[in-house]
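As structure tokens, the structure follows; a few thoughts come after it.
The numbers here are math on the coordinates, done by the rules we state, and not lab data. Computed from a prediction, not measured in an experiment: that's the story for all the values here. Every residue, glycine as well, gets a Cβ built from its backbone with ideal geometry; the counts of neighbours run over all protein chains shown.
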């Protein structure tokens, strides 16, 4: 105030203007002093199939609901909490984007949205820490010999948040809605599911049109796995569909209920007092009384929001932000929960477009590129591990042989392959013998992706055999170019940044390697019947070693043909105010530890503030 | 006069709606691609059903006509992505963007008028030079840089204000002030510089008018002359710019909305464009055009209030 008065005096104006200004600033000061603000009150699977998202986690991309891949062990820089969980308290999570809606069957969901949906809905199955699938609302299950009929027993004593008891009929009713759901319809088709029937009060029978050994993995993701009360979304009721996007009370059985949804600002949830799950000591879950989710798209201000106490946790899928958060965490004010799973950055070649139809060009370009330099350009130095396949090293599907088959950096080898192509009189691009290759590399216009593209361009141009053009389109256009809906799935891309892999079971989706004429999901358009047969065979059993051997063969074929390539594993993290934890210790109903927090997806039903001594 | 303005308003809105519809339709990409994940796009029957449902198979003019007839009755349609009514989205977000625009321009006007009047009155003096230098400085700082600096000092260091988010006035007045102040200041600083220069320039010209010289010769006090006789006629350009700015900020605060994670209309429009949510883009754009035209009409009417000469001519 003194400063304002002095300024008024100096300017010779003590009038209304300065009084108003003084009032405004004073009001701000008073507001600041009146407690915290509302925000801070809370205290290819087979080869070419993969989640469509770009290189590393730097841009928001629609995650396919059950893109293939598997599991990795969570890694964290945080030490185990010194004391156990306390009951109560609030948490507020800054997420990287708003959820389009909270309808598992309708809204395409990615990491931020899964944080929210996991709080409202329970899934039928969940993943253990080793990547296999265990019980959630599905207490147990069995299948027939050819994996076309799965009989599931539901947990007893589970209710929706409005008190309606969960029965098998609810699951059967869900199927009616899911068949026309924007997110679930495709999953139903790709998983061969043709019928869901209540065959008992708590017994559900899933019938498939063809064998699918790892079918239960489908029930671990939102579109088919999250249980909702279909009575709240009667067919043809547009208002009910719109309301369901805000997850009204009674729609889920999860640990929290939505109490306020202010889209693009905050979503508040309170604990479900009748939640059915308890921890291993018999304490009813959830631990927290309330949790809120705040979409903060800007990476920097998201971290600022955590540093300033505006929120108590944040998620990030960007390596550069993890690096910055690690710096902030050095003073002990933050806890870091990091995870490097099967999600990896990289890209693909459209093998229908010359010269990428020739494996010499594909291998040559990748062998001319140093992965560590790309990772550094992406901000992942010391954070992201180089990737060689769809699975991380600690995944049960990882193959050492496939890793050895990857087209690693070998400049001389690259030169030999590219020269061989260029000097081939029958070269596929129609250019004269000895003429340089023209290649077009495209990524979404994210700063780190642009940097990675520029580094790649330097490597390729350094061969003296390649002219590299860089292009960048917004994410929607980038994805549409690869989908090729307008040109019979051929796509309009050449060399295209992409993100590969996920934590889901690799058997969930084989269409990424199906003949490109029938599958928009085969982004690189590379199809080898022998390779595809391996993937199909892997769906005929649920025996992990047998399947792992088949996926290893498939990965080797991919690495030899190089329709897709990798940069580094996408590290993700949940950073929290010191004391907020539970993200890598949550359990399934059988008491076993769950997968942790891949893709920065927290299980908020088991998050807690540690008890202070 | 009013009828002529009304006709102009309708013609403008028709032109804007048609152009927007046309441009959105020429955007690359299919809204269905944004609506459903790639695996669902394998099901051609399902895709065809959705295309039919959203009228995407109809000819351009049929679709536009259909949209227009609904819009005239106040139905701007539903988002193809979220199923929310476009009018609900606008109602939900306009208080945020509107308040941000009004507060930021309010701050700018409150500071720029005394600065501009002083600089004009003291033309050529060190005070004038200092104010001009300050204006130049403010003009050269992008609003998001100001935002980042404010977050650093007021949120991280001092912990006075939340770094991000929005509290609605209906929830808490103090909470609302705390969430609006940093984004509003970020937007206001550039405007302060612009308004100060405009007021200074107009003031210098006004002070040369004969009626001002006459008032001086009568021995009236400087402050009385400045604010009673000189300020009003010196505010015409400012009024025009403020009007344009308010209208512009309704859709133009997207960078600040993104930085401070505010649920505003600009951010919604941007998201809709990236999602190819053509119905949302169409509805929000027409709404913004409507605001623009209405505010400009208000500005024209305001001229008559602040300058009696215009009123008499009318």
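Neighbouring Cβ atoms within 10 Å as the yardstick, rank B:109, B:299, A:204 fewest first.
B:299, B:109, A:204
Using a Gaussian network model of chain B with C-alpha springs under 10 Å, which one of B:118, B:82, B:170 is most mobile by mean-square fluctuation?
B:170
State the antiparallel share, in %, of DSSP beta bridges confined to the protein assembly as shown, rounding to the nearest 5.
Here the share of antiparallel DSSP bridges comes out near 80 percent.
Is the C-alpha gyration tensor of the stretch A:427-499 telling us rounded, prolate or oblate? Criteria: a/c under 1.5 is rounded; beyond that, a/b larger than b/c is prolate, otherwise oblate.
The shape class here is oblate.
Compute the helix-to-body angle for B:2-26: its Cα long axis versus the longest principal axis of chain B, expressed 0 to 90° and rounded to tens.
50
Report, in degrees rounded to the nearest 10, the 0 to 90 angle that the Cα long axis of helix B:236-252 makes with the longest principal axis of chain B.
Helix B:236-252 sits roughly 30 degrees off the main axis of chain B.
Can you bin the stretch A:182-257 into rounded, prolate or oblate? Criterion: square roots of the alpha carbon gyration tensor eigenvalues sorted a ≥ b ≥ c, rounded for a/c under 1.5, prolate for a/b above b/c, oblate for the rest.
Because a/c hits 1.5 or more and a/b exceeds b/c, the stretch A:182-257 counts as prolate.
Say we join alpha carbon atoms closer than 10 Å with springs in a Gaussian network model of chain B; which of B:143, B:217, B:132 then has the biggest fluctuation?
Fluctuation is largest for B:217.
Expressed as an acute angle from 0 to 90° and rounded to the nearest 10, what is the orientation of the C-alpha long axis of helix B:60-72 relative to the principal long axis of chain B?
Approximately 60 degrees, to the nearest ten.
What average count of beta carbons from other chains do you get within 10 Å of the Cβ of residues in A:304-313?
Per residue, the average neighbour count from other chains is 6.
Order of A:103-111, B:239-247 by packing, highest average Cβ count within 10 Å first?
Working: A:103-111: 26.7, B:239-247: 19.3.
The peptides rank, most packed first, as A:103-111, B:239-247.
For the residues B:305, B:310, what sequence is obtained by ranking on other C-beta atoms within 10 Å, fewest first?
B:305, B:310
How would you rank A:301, A:610, going from fewest to most other Cβ atoms within 10 Å of each one's own Cβ?
A:610, A:301
Measuring from centroid to centroid over Cα atoms, what is the spacing of the stretch B:248-267 and the stretch B:122-153 in Å?
Each part reduced to its Cα centre gives a spacing of 22 Å.
Please give the Cα centre distance for the stretch A:411-449 versus the stretch A:254-291, rounded to the nearest Å.
Centre-to-centre (Cα) distance: 54 Å.
Classify chain A as rounded, prolate or oblate, taking a ≥ b ≥ c as the square roots of the eigenvalues of its Cα gyration tensor: rounded when a/c is under 1.5, otherwise prolate if a/b is larger than b/c and oblate if not.
On the way: a/c = 1.92, a/b = 1.18, b/c = 1.62.
Oblate, since a/c reaches 1.5 and b/c is not below a/b.
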